[in-house]
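Student: Before I ask anything, let me first share the structure, which is written out below as C-alpha cells.
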Ligand code: B0W
C-alpha cells in the first residue's frame, strides 16, 4: 500500500482534544456500545468492556500520535527491544491508572449501573509470554514510557498465548488460550507497513555491474508480516510508546492457479503454513526445544523488525548508513531473537550493498544481548542442516562471522586449538549446531546478566573464555518490576496509605519509598495498625480467590505462605511440599504446641512436555486433598494449588501474601522477579542465596529476610559427595516425610505414580540437591512460624521490606540500561 501525496498537502482542521470527565466518558462509552458495536446495555458483559476500552483508546490515540511524531524527528537515537515474549496481562486498569482516569471512568459507568471492577474482569490476559522473561519485557516497556525514552518493542502477535491450565484429578490439563477470539480493542493494525520475510530457497553468488562479489537469495518462500501496534502508556506523563507485534500472513490469500485447477486444499495449505508462524507461543520456560517452527518464529520477528527499522531510517536518511549505529540500538531479549545479528548483516550487504567490514562495524555496534539463564538445557542451539535449509543465506553469514572471529581468537591465544573449538560458533558434535549464545556475544557490544550473582557466574563459567577476550562487553543489569502495576494498581489500599504518608511521587520514583523506614518507630503505631489492616484486607481478597478457584478455605489469621512461578525442578516446589508434609506429620503425631496456623498456596504452569514438573503438580494436589480433608488438621494447615497462575492472578496474590517462597537451588535462578513483587507489597522472603534474592537481602538487611540453604559455591562442592539416603537416615523428620510418601499415603488409589519423584529425591546425582537443604529449610520455616506470633514485629518487618524495595523498580533497571548501553535522550 502506497502513502498518498495528498496526506502532506491537505490542511488539517483544528480538532479539539477529547474531554475526559465522567460525562464525556459515559457518552463515549454509550456511543461505542450502540453505534460502533451495535449492542445495548443488556448485552454480554464483554462488549461493555470493549466499549470502554475503545473510549479510553481514543484518549490514548491523541497522545500516541504526538509521541510518534517526536520519535520520528531526524537524528533521534532510538532503542528497539526485540523479544519473542511480552507478558502484558490486562491493559484497561493499567491504562486508567497511567492516564489518571480511574475516577471519572468509574463514575461514567455508574450512570449505567455498571461496576468498573466487574468490567475489568472481562478483559482476557494478553499472555504472550511464559514467565519471568516475558513479564520483564512488559515491565521494561512500562518503564521506558514512564521515563520518556524512545524505545519500541518488537514481538509476535500470537493468536494463542500461554495455554490455560486447569486441574483434573490433580493433573494439569492444557487448554488453548484464544485470547484474540473476540478481538483486541487496544491494537491498531498497520497494513501499510507490512514486510516480506524470506525462507528456504538458495543463494547465488555473482559479480554486480561494478564487478563486486554479491549474493542474492532466490526461490524463497515468502511470508508477509503485518504490524499490530499496542499502546504502552507512561505514568501520567502524556507519553505513549509502541509495542509492535507482527502477525504472519500468506503472500497471496490463495494460490489461484492451484485453486482453479480444483486443488482447493493445497491452495489453502500454503496460506495456513504461513499463518502458523504467529499462531502459538511455545510454552517452554527454560527447558529444551529445537523445533523448526520456533526457528521460523525467531527469524520472522528478527527480519520483519529490522526491515521496519531500516524503513524508518530511510524515511529520513535515505540509503546513507554511515550514521546508522549512532542512532539505533537493538536489545536482544535472550538468544531467541539473536538471528537478528546475521539478518542485519544480510540486509546491509545484500540489500544495501555495504562491504562486509562496514556492515560488521554497524551490526556489532548496534546489537546488545541480555542473557537470562545459566541452565545448559535452555541455551539455544540450532542444527546447521536446519539452518541451511530454512535460512541458507543466514547460515553462510554465520560461517563467515565464525571464520573472522576464530581468527581473532587465534591471534590472542596462538596455537590454543582447544580454546578455538570451545569458542567456535559451531559445535562440532555428531550433528553440527550453531551456538546462539556465542553468536549473540560475538555480534554484540554489550552482554549483560540479570542479577549480580548471575553475571558473575556467567563470567566465571558459561562465558569464561569470552569474558577473558572482551571483559569490557560484560555488565550486570539487575532486574526489576514496575511499581505502577505491581504496587499502585495491584494494591489500591496501600497506594492510598502511601500517598497519605509519604506523598504521591513514589509511583514515578520508587526511591521515595524508603521514607517508610521511619514509620516502624513506636510513635507511628497508628500507621502500623493501618498497614496491618490493609494486609488483612488483601488476605481476605486472596482468600476469596482461593475459595472460588480451589474451593479451599483460607483463614486470614493464619500466615499466608506463597510460591507462585513456573514449575521447574530447580525452583524446588518439591522442597516446599516436603515442608508441608513435615507439618502434617507433626500435626498427626500431636506435636502442635504453640502452633502457628499456615495456609500454603502454590501455583504455576508446567511445560506440557516436562514430565517431572507435571508430576510435581499432581503431588501438590494430592497432598493438599489429604491435608484439607483431615479433621485432625483443621485450620492448623491448609494447602491449595491455584490453577492457571497468570499476571491477573498475581495482582491479587502478591498483596495478600505474608511469606514469599524463593527457594531455588543456589546458582540456578538467574534473577527471579516475583520475589520483588512480593517484597514491594510487604511480604517477607524465605529464600536461598540465589539470583536477586541476594540483592533483596542486602537492601533489606539479613535480619529482615529468612535465609537458608547452601550457597552457589557450596552447591558445587556438595555435589561431589551428595548422599541423599544418608541425609534421610540421619534426620528423623525427613525420614517421617519420606515414609509417608513411600507408603503411598498420598496416592492410595493410584499406586506408584510418585515413584519418579521419590527416585529423584534419592538420586545421588540430583542436580537440584533438594534434600541437602531440607534441614536448613525446615528450621528456617520454624523460625518464621515463631516470629509470626509477634504480629507487631512482623508488621514492622513487612514495612521495612516495602521500604527497601525502591531499588527493584524497573525504572532503576532501565535507567541503567540507558546510561550504560542505549544512551538515549529523554523526550518530553
Ligand atoms: C524463557 C523461555 C524459553 C523458551 O521459550 O525457550 C527459554 C528460556 C526462558 C527463560 N526465562 N530463561 N530465563 C528466564 C527467566 O528470566 C527472568 C527474567 O530475567 C529471570 O528472573 C528468571 O530467573 C529466569 O529463569
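Student: If I filter the stretch 559-573 for residues that are over 23 Å from residue 613 (Cα atoms) and surrounded by 19 or more Cβ atoms within 10 Å (Cβ to Cβ), do I get at least one hit?
Tutor: Looking through the stretch 559-573, at least one residue is over 23 Å from residue 613 (Cα atoms) and surrounded by 19 or more Cβ atoms within 10 Å (Cβ to Cβ).
Student: Of all residues being within 12 Å of the ligand (Cβ to nearest atom) and part of a loop (DSSP other than H, G, I, E, B) in the stretch 450-476, which is surrounded by the most Cβ atoms within 10 Å (Cβ to Cβ)? Just the residue, please.
Tutor: 450
Student: Can you spot a residue in the stretch 351-359 that is part of a helix (DSSP H, G or I) and either crowded, with 17+ Cβ neighbours inside 10 Å or within 16 Å of the ligand (Cβ to nearest atom) (or both)? First the steps, then the outcome.
Tutor: Of the residues in the stretch 351-359, the ones part of a helix (DSSP H, G or I) are 351, 356-359.
Still in the list and also either crowded, with 17+ Cβ neighbours inside 10 Å or within 16 Å of the ligand (Cβ to nearest atom) (or both): 359.
Yes, there is a match, as at least one residue in the stretch 351-359 is part of a helix (DSSP H, G or I) and either crowded, with 17+ Cβ neighbours inside 10 Å or within 16 Å of the ligand (Cβ to nearest atom) (or both).
Student: Same structure again: Evaluate the following for residue 364: is it over 23 Å from residue 154 (Cβ atoms) and within 30 Å of the chain's Cα centre (by Cα)?
Tutor: Details: over 23 Å from residue 154 (Cβ atoms): no; within 30 Å of the chain's Cα centre (by Cα): yes.
So residue 364 fails the test.
Student: Please pick out the residue among 479, 491 that is at pLDDT 95 or above and within 16 Å of the ligand (Cβ to nearest atom).
Tutor: Working: 491 fails: within 16 Å of the ligand (Cβ to nearest atom).
Criteria check complete, one pass: 479.
Student: Within the stretch 179-193, does at least one residue satisfy the condition of being in contact (Cβ under 8 Å) with a residue 12 or more places away in the chain, within 16 Å of the ligand (Cβ to nearest atom) and assigned to a loop (DSSP other than H, G, I, E, B)?
Tutor: Taking every residue of the stretch 179-193 in turn, none turns out to be in contact (Cβ under 8 Å) with a residue 12 or more places away in the chain, within 16 Å of the ligand (Cβ to nearest atom) and assigned to a loop (DSSP other than H, G, I, E, B).
Student: Sticking with this one: In the stretch 60-70, what count of residues is obtained for those that are surrounded by 20 or more Cβ atoms within 10 Å (Cβ to Cβ) and farther than 14 Å from residue 188 by Cα?
Tutor: Total meeting the criteria: 1.
Student: Working only within the stretch 35-56, note down all residues that are surrounded by 13 or more Cβ atoms within 10 Å (Cβ to Cβ) and assigned to a loop (DSSP other than H, G, I, E, B).
Tutor: Selection gives 37, 39, 41, 43.
Student: On to the next question. Return only the number of the condition from (1) within 16 Å of the ligand (Cβ to nearest atom); (2) part of a strand (DSSP E or B) that residue 560 does not satisfy.
Tutor: (1)
Student: Could you check the stretch 232-289 and list, in sequence order, the residues that are modelled with pLDDT of 95 or more, in a loop (DSSP other than H, G, I, E, B), away from the ligand (no atom under 16 Å from the Cβ) and farther than 21 Å from residue 308 by Cβ?
Tutor: 234, 235, 236, 237, 238
Student: Is it fair to say residue 107 is under 35 Å from the mean Cα position of the chain (by Cα) and on the phi < 0 side of the Ramachandran plot?
Tutor: yes
Student: Give 539, 535 a once-over and let me know the one that is more than 16 Å from the ligand (Cβ to nearest atom), assigned to a helix (DSSP H, G or I), modelled with pLDDT of 95 or more and in contact with a strand residue (DSSP E or B) (Cβ under 7 Å, 6 or more places away or on another chain). Let's see the steps before the verdict.
Tutor: Working: 535 fails: in contact with a strand residue (DSSP E or B) (Cβ under 7 Å, 6 or more places away or on another chain).
Exactly one residue qualifies, and that residue is 539.
Student: May I ask you to list the residues in the stretch 556-608 that are touching a helix residue (DSSP H, G or I) at 6+ places or on another chain (Cβ under 6 Å) and without any contact (Cβ under 8 Å) to a residue 40 or more places away in the chain?
Tutor: Matches in the stretch 556-608: 556 only.
Student: Does any residue in the stretch 1-24 that is outside any loop (DSSP other than H, G, I, E, B) come within less than 7 Å, Cβ to Cβ, of a residue that is at pLDDT 85 or above six or more places away or on a different chain, and which pairs are these?
Tutor: Correct list of pairs: 22/104; 22/107; 22/108; 24/18.
Student: Still on this structure: List the pairs whose first member sits in the stretch 367-387 and is within 13 Å of the ligand (Cβ to nearest atom), whose second member is assigned to a helix (DSSP H, G or I) and at pLDDT below 95, and whose Cβ atoms are under 7 Å apart, counting only residues at least 6 apart or on separate chains?
Tutor: From the stretch 367-387, no pairs qualify.
Student: Of (1) buried (at least 18 other Cβ atoms within 10 Å of the Cβ); (2) on the phi > 0 side of the Ramachandran plot, residue 211 satisfies all except one. Which?
Tutor: Residue 211 satisfies all of (1) buried (at least 18 other Cβ atoms within 10 Å of the Cβ); (2) on the phi > 0 side of the Ramachandran plot except (1).
Student: Filter the stretch 397-426 down to residues that are closer than 22 Å to residue 219 by Cβ and crowded, with 18+ Cβ neighbours inside 10 Å, then give me how many there are.
Tutor: Adding up the residues that qualify gives 2.
Student: Related question: Among the residues of the stretch 756-773, which ones are assigned to a helix (DSSP H, G or I) and over 14 Å from residue 711 (Cα atoms)?
Tutor: Scanning the stretch 756-773 gives 756, 757, 758, 759, 760, 761, 762, 771.
Student: Out of all the residues in the stretch 330-350, which are over 22 Å from residue 388 (Cβ atoms) and within 14 Å of the ligand (Cβ to nearest atom)? Write out each step before concluding.
Tutor: Step one: list which residues in the stretch 330-350 are over 22 Å from residue 388 (Cβ atoms), which gives 330-334.
Once the filter is applied, which keeps residues that are over 22 Å from residue 388 (Cβ atoms) and within 14 Å of the ligand (Cβ to nearest atom), the stretch 330-350 yields 331, 332, 333, 334.
Student: Inspect the stretch 297-307 for any residue being within 16 Å of the ligand (Cβ to nearest atom), under 24 Å from residue 456 (Cα atoms) and surrounded by 15 or more Cβ atoms within 10 Å (Cβ to Cβ) and give the result as yes or no.
Tutor: The answer is no; no qualifying residue exists.
Student: Determine if the stretch 806-821 includes at least one residue that is closer than 30 Å to residue 621 by Cβ, assigned to a helix (DSSP H, G or I) and touching a residue at least 24 places away in the same chain (Cβ under 8 Å).
Tutor: Going residue by residue through the stretch 806-821, those that are closer than 30 Å to residue 621 by Cβ are none.
For the stretch 806-821, residues closer than 30 Å to residue 621 by Cβ, assigned to a helix (DSSP H, G or I) and touching a residue at least 24 places away in the same chain (Cβ under 8 Å): absent.
Student: For the stretch 424-449, enumerate the residues that are more than 26 Å from the chain's Cα centre (by Cα), touching a residue at least 40 places away in the same chain (Cβ under 8 Å) and away from the ligand (no atom under 16 Å from the Cβ). Break it down into steps so the answer makes sense when it comes.
Tutor: Of all residues in the stretch 424-449, those more than 26 Å from the chain's Cα centre (by Cα) come to 424-433.
Right, trim to touching a residue at least 40 places away in the same chain (Cβ under 8 Å) and you get 426-427, 431-433.
426, 427, 431, 432 - these are the residues of the stretch 424-449 that are more than 26 Å from the chain's Cα centre (by Cα), touching a residue at least 40 places away in the same chain (Cβ under 8 Å) and away from the ligand (no atom under 16 Å from the Cβ).
Student: Also, quick follow-up: What pairs come out if I take residues in the stretch 78-96 that are within 15 Å of residue 482 (Cβ to Cβ) and touching a residue at least 40 places away in the same chain (Cβ under 8 Å) and pair them with residues that are within 15 Å of the ligand (Cβ to nearest atom) and assigned to a strand (DSSP E or B) whose C-beta lies under 8 Å away, six or more apart or interchain?
Tutor: 81/331; 81/333; 86/128; 86/155; 87/127; 87/128; 88/128; 89/127
Student: In addition: Which condition number in (1) farther than 21 Å from residue 656 by Cβ; (2) touching a residue at least 40 places away in the same chain (Cβ under 8 Å); (3) under 28 Å from the mean Cα position of the chain (by Cα) is the one that residue 505 fails?
Tutor: (2)
Every residue, every condition in (1) crowded, with 24+ Cβ neighbours inside 10 Å; (2) more than 16 Å from the ligand (Cβ to nearest atom), yes or no:
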| position | (1), (2) |
| --- | --- |
| 126 | yes, yes |
| 129 | yes, no |
| 137 | yes, no |
| 153 | yes, no |
| 160 | no, no |
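The values are calculated or read from the model by the stated rules, or taken from the named source; none is laboratory data. This is a predicted model, so every value here is computed, not measured. Virtual Cβ from ideal backbone geometry, glycine too; neighbours counted across all protein chains shown.
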